[in-house]
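Each reported figure results from applying straightforward, stated rules to the coordinates on display, with no laboratory input. Keep in mind that what you see is a predicted model, and the values were worked out from it rather than measured. As a convention, Cβ positions derive from the backbone with ideal geometry for all residues, glycine included, and neighbour counts pool all protein chains shown.
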Amino acid sequence: MNAIGNDIRKFERLFAALLSESGDSGGLAKLALAVRWPLPETVQVVALTGKHHGLPKFPPGVVIGIQRDIVCLILPNSELLPGALQVLAGRRVAVGPVVMRREAGRSLMWTCRLLELTSGGSPGVVHVSDYLTELLVQQDDFLIRAMAARWLNPLSRLTQKQRRWMSETLLALLGSDNATAAARSLNIHVQTLHYRKRQIEKLFGSVLDQPCARLEIVLALKGRKLLAERGDGIDSGS
């Protein structure tokens, strides 16, 4: 085996060890030392679309591997992220948060799920930290349906078109600081937003004043939208 092939296999073993570390820090340290990789306390992971072969040259220190046919990077320093993203321009890329080294495998699992969740989007960068709610609610379809049945029943009285814009407006209102910000996020006039808000208040009543109910309504709306996008037979109103 030539030196290059030997180094590739060493990095493959390092990648696997980082994802499955279970306290054998000594073994991991030896693998890192063998390829002169600085063993950090924290790491950041990146998942991207495309084939492993033909990838651009990444900044020194980036460990590359494959998970479920997804190309994955492990960065020992978050300062390497801008350089890595620069050479990945034009690809769909998901970025995980900075985590303790022992959490690299779990972070990569969620980062890969985000890449799959946003697979229909155009090339660009998405961050796990911006999709925490979406990643959370997609884990159990039964609970999504249960929350939708409990909280979103008032919308069932509307037409499909009305349900769509009422759902969008309700989610914007619950996720914004004020009506102006909500209207801006929907790209509608603030007076239109106020009209829709009055209609929503008639449908839902005082339940929107309850913090716990507001949280579950947000989860139900986002979860139902995800199910609809996956074609799982739930009516999103879209």
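Label-to-label distance, residue 150 versus residue 202, with points set 7 angstrom from Cα along the beta-carbon direction: 2.8 nm. Looking at the P(r) of the range 107-146, how many percent of alpha-carbon pairs lie beyond 12 Å? Percent of Cα pairs beyond 12 Å in the range 107-146: 61. Between residue 66 and residue 140, full extension at 0.36 nm per residue minus the direct alpha carbon distance yields a gain of 24.0 nm. GNM on the chain, C-alpha springs below 10 Å: top fluctuator among 55, 173, 19? It is 55. Close amide H pairs (under 5 Å, H built 1.01 Å from N) link residue 67 with 72, residues at least 5 positions away or on another chain. Projecting the Cα atoms of 67, 105, 15 onto the charge dipole of the chain, computed from C-beta unit charges around the Cα centre, puts 67 farthest toward the positive end.
Placing unit charges on the Cβ atoms only, positive for Lys and Arg and negative for Asp and Glu, gives the range 147-238 a dipole magnitude near 220 debye about its Cα centre.
In whole Å, what three semi-axes, largest first, describe the equivalent ellipsoid of the range 137-229 built from its Cα gyration tensor (square root of 5 times each eigenvalue)?
Details: eigenvalues 89, 37, 36 Å².
One finds semi-axes of 21, 14, 13 Å for the range 137-229.
Taking the average, over residues, of other Cβ atoms within 10 Å as the packing measure, peptides 216-227, 147-158 rank 216-227, 147-158 from highest down.
Helix 190-204 and the longest principal axis of the Cα set of the chain meet at an angle near 80°. Charge tally around residue 143: other residues with Cβ under 13 Å, Lys/Arg +1 each, Asp/Glu -1 each, net +1. Helix 25-34 axis versus longest C-alpha principal axis of the chain: approximately 60°, rounded to the nearest ten. Averaging over all projection directions, the Cα-based convex hull of the chain occupies 15.8 nm² in the image plane.
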